[in-house]
Amino acid sequence: SKSPSSFEASTSGRQQQRKHQKRRDDRKPPPADKKMGTVQLSFSDSGSSEGEDVALSEPPARYTPPEPQDIQASSEFATTKKRRRFTEVEDEAIRKGVKRYGVGKWSDIKAHYDMELRDRTTVQIKDRWRTVTK
C-alpha cells in the first residue's frame, strides 16, 4: 500500500473543507415572513386541580422621579478650598516627619504632626516634600 504524499493529503483536506462549506451554505435561514409559534403558559397552584388557572398580579408602575427644582448653590458649602502657600512651620514639620518616619510614610507624618499639618492632605505633604528636595 502506498502512502499519500503531503501534497495529496493537503489537497484532499482542502476538498473536504470545501465540501463541508458547501453543505453549510446550502442551509437556508427560515423565511422572515413566518413568525415563530407562540406558546401560552398556564400556571396552577400545586394544590388545585388540573386546568384551574392562577391570576398573576399586575407589574408595579414605573418609577417617575419628582420634577427637578431650581437649586442655587451657596458659597458656604463650596467643595474646593483656596490654595495656600506652605508655611515655614509646615515645612519644618514635614522635614522632622521624614527624618523620624522616612519618605513615603505620609499618613504617619500627618498623624504625628497633626496640629501643624491639620489643613493638609497626605498628597499635599508628599508633593511639598518633592518640591522642597529639588
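Considering only residues in the stretch 94-123 that are within 35 Å of the chain's Cα centre (by Cα) and aliphatic (A, V, I, L, M), the one that is surrounded by the fewest Cβ atoms within 10 Å (Cβ to Cβ) turns out to be Val123. Among residues of the stretch 101-117 that are more than 10 Å from Glu90 (Cα to Cα) and in a helix (DSSP H, G or I), those with a beta-carbon under 6 Å from a residue that is at pLDDT 95 or above and among the basic types (Lys, Arg) at least six positions away or on a different chain give the pairs Trp106/Lys126.
The values are calculated or read from the model by the stated rules, or taken from the named source; none is laboratory data. As the structure is a prediction and not an experimental result, all values here were calculated from the model. Here the Cβ is made from the backbone with ideal geometry for all residues, glycine too, and neighbour counts use every protein chain on show.
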